[in-house]
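To keep things clear, I will list the structure first and then write my remarks on it.
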Amino acid sequence: MGQKVSNIISIKQWNRKIINVYWIFVLLTIVLQLISILFTNDDHFVFIYRYIVVPTIHLLAMMGAIEFLYCFFSAYLSPEVLIIAGSLFVSLIVSIHNGVDGIMIVYFLPLLVASSYYNGKLIILSGFTNIIFFLLLYIMNEDLRVRIDVFEFIVILSGIVIGVVLCHLIMNRGIEVIGALEKTDEDRKNLLVENVIMDRQTKVDMLTGLYNQKTFHSYLEELLAQSHVYSIPIQLAVLDIDDFKYVNDTYGHWAGDQILRKIAITIQKFVDGNDFVSRYGGEEFAVIFIEKAFEQSLEIVEKIRKNIEIQQHPEIDNGTITVSIGLQNYHCEWKREEFFNKADQLLYKAKRNGKNQTVAEQ
């Protein structure tokens, strides 16, 4: 999980942010050192040299080395290097200002930096380096040994260990929160997919993949409203498979389903992206032609009819299928139901006239 969290922002990008924090820490330290001149009774020259010049040179040298690594050898600037550098920074501050009450709290900085990587091993490394640098500082710095008694020494070490534990707890809590957010996001995506599927199921005929009757009427209603405003030419073709009951009764519904799929594909082959194709119900299809001349739409439905007529279907012993078609041009005074009924009447006229033909009315 920690690895997954760390991937949200690349390690290099995050290292840059940590370096910026270190710069803020360094600059803040320098400013506080300069302000402290106003409150000291020591010789100003000695104070400036010991508490400002020397630590500032060390801090800037370390930051310069880190910036050099980041700019030219970023592959070697690992989180481990930055954490160790952080422990070194705070140890230098403690060595210079060991007389300041509460100065040891700065050892929490490397721990917080390690926590930001969401990696338990880095937190342990930070705690370990804090303890090592503090012990070295305690051994090498006589002033520190004088100021810190055994009890305070133990308290500082215990504080670092407690800091490691607290940072672990905070990190784990952060991982839990992120995990919960990821699960919520995943659930939201799954719900969105389910809604899309359900929406599609309510709009599309599952057998042919065409829009269903409900969607057809909804779209036609909206389209006619637009036609009244913008004078869009519209034609409606209603297609019905001839003698389809015979196919189902003789060869079974499976064969009938294959025929329906093939006819749906054939219709889609000849219409363009502006047109609307639906399976109206049973063996009946409806096509809305948009922004076409009546003659263009008539030519298209005739191509569809003739192409269906010549197809052979293994499902019915290589037999053929025909369709009858009614094509009606739209008149602006018609309502949706009247427009559809006009096209449907032309379809049944084609049926009565012998089937396998198109009856059209402009």
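The values are calculated or read from the model by the stated rules, or taken from the named source; none is laboratory data. Because the structure is a prediction, the values reported are computed rather than measured. Cβ placement follows ideal geometry from the backbone for every residue including glycine, while neighbour counts extend to all protein chains displayed. Please note that ligands, DNA and RNA were not included when accessible areas were found on the heavy atoms of the full protein model with its side chains. Shrake-Rupley method; radii C 1.70, N 1.55, O 1.52, S 1.80 Å.
Structure summary
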| read-out | value |
| --- | --- |
| Where 351, 121, 342, 335 fall by accessible area, highest first, once all protein chains stay in place (1.4 Å) | 121, 335, 342, 351 |
| Förster radius 56 Å - calculated FRET efficiency between residue 182 and residue 313, Cβ distance, rounded to 0.05 | 0.65 |
| Equivalent ellipsoid semi-axes, the range 1-144, via Cα gyration tensor eigenvalues times 5, rooted, Å | 30, 17, 12 |
| Longest to shortest principal axis, alpha-carbon extents of the range 222-362, angstrom | 50, 29, 23 |
| Separation in nanometres of the label points that stand 7 Å from Cα toward Cβ, at residue 60 and residue 351 | 9.5 |
| Projected area, mean over directions - the range 85-159, Cα convex hull, nm² | 4.5 |
| Under 19 Å from residue 183, Cα to Cα: aspartates and glutamates that are on another chain or at least 8 residues apart | 194 |
| Net +/- balance of residues flanking residue 338 in space, Cβ distance below 14 Å, scoring K and R +1, D and E -1 | -2 |
| Reach of residue 303 by Cα under 25 Å, taken over lysines that are not fewer than 8 positions away in the same chain | 245, 262, 269, 292, 342, 349, 351, 355 |
| The range 90-230 - percent of accessible surface contributed by carbon and sulfur, probe 1.4 Å | 66 |
| Partners for residue 121 among lysines (Cα-Cα distance below 19 Å; same-chain residues under 8 apart left out) | 4, 12 |
| Hull shadow area, averaged, the range 150-289 [alpha-carbon convex hull, nm²] | 16.4 |
| Cα convex hull of the range 69-196 - mean projected area over all directions, nm² | 10.9 |
| Distance in nm between pseudo-label sites at residue 204 and residue 250 (7 Å out along the Cβ direction from Cα) | 3.3 |
| Using a Förster distance of 25 Å, the FRET efficiency for residue 334-residue 302 (Cβ separation, nearest 0.05) | 0.55 |
| Residue 101 versus residue 143: modelled label distance in nm, points set 7 Å from Cα along the beta carbon direction | 1.9 |
| Potential lengthening between residue 27 and residue 262 on full extension [0.36 nm per residue; Cα-Cα distance subtracted] | 77.1 nm |
| The range 37-78 versus the range 213-262: alpha-carbon centroid distance in Å | 80 |
| Computed lengthening from residue 74 to residue 169, 0.36 nm per intervening residue step minus Cα-Cα distance | 31.2 nm |
| Using a Förster distance of 25 Å, the FRET efficiency for residue 136-residue 47 (Cβ separation, nearest 0.05) | 0.50 |
| Given charges at beta-carbon only (K, R positive; D, E negative), |dipole| of the chain in Debye | 400 |
| Span-like helix ranges in the chain, DSSP H, alpha carbon extent 15 angstrom or more, Kyte mean at least 0.5 | 11-36, 54-72, 79-96, 120-140, 150-203 |
| D (Stokes-Einstein, µm²/s), Kirkwood Cα radius, the range 284-330, 1.306 mPa s at 10 °C | 131 |
| Helix-only mean residue ellipticity at 222 nm for the chain, each DSSP H run of n ≥ 4 adding -39500 (n - 2.57), per residue, nearest 500 | -22500 deg cm²/dmol |
| Approximate shape of the chain as ellipsoid semi-axes (Cα gyration tensor, √5λ), whole Å, largest first | 86, 23, 17 |
